[in-house]
Amino acid sequence: MAETRKQETVSPVDGSVYVTRQLAGKQQWMEALAASEMALHEWKMIPVPERAAVCSAMVDAFVARKESIAEEISWMMGRPIRYAAGEVRGFEERARHMISIAETALAPVEVEPKEGFRRYIQRDPKGVVAVIAPWNYPYLTAVNAVIPALLAGNTVILKHSAQTPLCAERFYEAFEAAGLSRGVFQYLHLSHEDTAELIRSEQVQHVCFTGSVAGGAAVEKAVAGRFISLGLELGGKDPAYVRADADLDAAVETLVDGAFFNSGQSCCGIERIYVDTEVHDAFVAKAVELTRQYKLGRPDDPETTLGPLVKPSAATFAREQVEDALAKGATAHIDSSLFPADNPSGAYMAPQILTGVDHSMRVMTEETFGPVVGIQKTFSDEEAIGLMNDSEFGLTASVFTRNIERAVELGEQIETGTFFTNRCDYLDPALVWTGVKHSGAGYALSPLGFEALTQPKSYHLKLS
């Protein structure tokens, strides 16, 4: 008899096993591929407005369960319950935007008239799309790929993180409630090995992956030689620069939230801040004062504003970066004793602000993915831009200033996928979501997101 393989999701709230699921074996994922390929033939022929109507009904069904979905998010990955419902709102915003632009964005491209001919470019679906989603924003990351892929006429197989398996099931239930045809959307709970085999299969024609740089490299390796397209959203070490002319109170409020929301577990969260020497000390004082107001605790407590990291090993990694920085001369500004829930060997970790940092320290170069931020003093725009670009990552970057024209000049010099002025840590579905360097390849959302999920096909018709 074949061995039964189980997947356990350990909640960071209290260390208990929150979800247990049996992993799919090869026979199951091969059947899923066959069903997806079969469903593709009918689904891609359905007009875009009809596909959009089904997706819209799915969003309705999903949003109707927002309270229970928010509670599950808290227990699976540790986000405070007071914020967890915000993920449902973000899911709805992104999904409804992509639905609203689908018909126009997917329309054939008509080229200039030529006598005796009709010429146009049609956007055909890629085929079967595999979506591999992470735990940190389990619905927001997945919706970026799932809804646009289906709108474009593809079929989808979703493999969600072992930390957030219920998210895949909630997607499926909402599509089922919307009346989506069998096989158009499916999910699988898979091991890493079986996930690699799945995407290596000839039926899969596009892979959307969100996760670590190492995970992205594994995806590339798995599909090497197949010549299929990939959408890879990988790591980040996102910087912000506060100029001397910035609105300091607004900058502090925005950047402290950008650094510590979701316990710092955001690919586009703020992990390093460069502050002009004229306002550096005032910025640090205000940031420290605001950070001390956070309440670290169980995420199911409505008073909690900072929950645990996803697992103790993630907190250990962040603490090691802090220790490395302190050993090299940095100064820590937050006394962890102000946060009684802090557990030096567990997932509950007090926030930390470090100054006196530089790029010899891991905390300023490695992705932290925890509630830690380094603040470095700078003496010019040119120095700040050089430091912001001194990274293997390039997902987002922010400049805080009252001089928007100068901000744009600086933004043109920054190596990043999204450039912000006077805000950070946000994804606008009307704008393309992309990264440079080790932050990934490909793009999602906006009209360009549909281009990533379709194959152009030229029609050159000579009229008789």
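Tally up the residues in segment 265-303 that are in contact with a strand residue (DSSP E or B) (Cβ under 7 Å, 6 or more places away or on another chain) and either outside the structural domain of Glu382 (by TED's automatic domain parsing) or not small (Gly, Ala, Ser) (or both), please.
19
When you go through Pro165, Pro148, Pro138, Pro134 one by one, which is the residue that is out of contact with any Ser or Thr (no Cβ under 9 Å at 6 or more places or on another chain) and modelled with pLDDT of 95 or more?
Just one listed residue meets the conditions, Pro148.
Which of the following residues is of a type outside the set (A, V, I, L, M, F, W, C), in contact (Cβ under 8 Å) with a residue 40 or more places away in the chain and touching a Gly at 6+ places or on another chain (Cβ under 6 Å): Gln205, Gln186?
None of the others qualify; the one that does is Gln205.
Name the pairs whose Cβ atoms lie under 8 Å apart, with the first residue in segment 439-457 and assigned to a helix (DSSP H, G or I), the second among the polar types (S, T, N, Q) and surrounded by fewer than 22 Cβ atoms within 10 Å (Cβ to Cβ), and 6 or more positions between them or separate chains?
If the second residue must be among the polar types (S, T, N, Q) and surrounded by fewer than 22 Cβ atoms within 10 Å (Cβ to Cβ), the pairs left are Pro447/Thr104; Ala452/Ser229.
Is there any pair with a first residue in segment 103-119 that is in a loop (DSSP other than H, G, I, E, B) and a second that is of a type in the set (Phe, Trp, Tyr) whose Cβ atoms are under 9 Å apart and which are 6 or more apart or on different chains, and what are they?
Correct list of pairs: Leu106/Phe450; Pro108/Tyr120; Pro108/Tyr459; Val111/Tyr120.
For residues that are touching a strand residue (DSSP E or B) at 6+ places or on another chain (Cβ under 9 Å) and in contact (Cβ under 8 Å) with a residue 40 or more places away in the chain, scanning just segment 345-356, find the one that is surrounded by the fewest Cβ atoms within 10 Å (Cβ to Cβ).
Thr355
I'd like to check which helices (runs of 4 or more DSSP H) are fully inside segment 208-301 and have at least 2 residues that are at pLDDT 95 or above and closer than 30 Å to Ala149 by Cα.
The qualifying helices (runs of 4 or more DSSP H) are 213-222.
Which condition number does Arg200 fail, the rest of (1) buried (at least 22 other Cβ atoms within 10 Å of the Cβ); (2) touching a helix residue (DSSP H, G or I) at 6+ places or on another chain (Cβ under 6 Å) being met?
Unmet for Arg200, out of (1) buried (at least 22 other Cβ atoms within 10 Å of the Cβ); (2) touching a helix residue (DSSP H, G or I) at 6+ places or on another chain (Cβ under 6 Å): (1).
Name the one entry in Arg402, Arg362 that is of a type in the set (D, E, K, R), closer than 23 Å to Asn262 by Cα and at pLDDT 95 or above.
Exactly one residue qualifies, and that residue is Arg362.
Say whether the condition of being surrounded by fewer than 18 Cβ atoms within 10 Å (Cβ to Cβ), in contact (Cβ under 8 Å) with a residue 40 or more places away in the chain and either farther than 28 Å from Ser360 by Cα or out of contact with any helix residue (DSSP H, G or I) (no Cβ under 9 Å at 6 or more places or on another chain) (or both) is met by at least one residue in segment 390-403.
yes
Anything in segment 331-352 that is among the small types (Gly, Ala, Ser) and either touching a Ser or Thr at 6+ places or on another chain (Cβ under 7 Å) or at pLDDT below 95 (or both)? List them, or say none.
Ala350
Are there any pairs, at least 6 apart or on different chains, whose C-beta atoms fall under 8 Å, with the first in segment 315-328 and among the β-branched types (Val, Ile, Thr) and the second assigned to a helix (DSSP H, G or I), and if so, which?
Val322/Val363
Find the residue count for segment 307-343, including only residues that are in a loop (DSSP other than H, G, I, E, B), in contact with a Phe, Trp or Tyr (Cβ under 9 Å, 6 or more places away or on another chain) and hydrophobic (A, V, I, L, M, F, W, C).
Counting residues in segment 307-343 that are in a loop (DSSP other than H, G, I, E, B), in contact with a Phe, Trp or Tyr (Cβ under 9 Å, 6 or more places away or on another chain) and hydrophobic (A, V, I, L, M, F, W, C) gives 4.
The values are calculated or read from the model by the stated rules, or taken from the named source; none is laboratory data. Just so it is clear, the model here is predicted, and its values are computed rather than measured. All Cβ positions, even for glycine, are placed from backbone atoms using ideal geometry, and neighbour counts span all protein chains on display.
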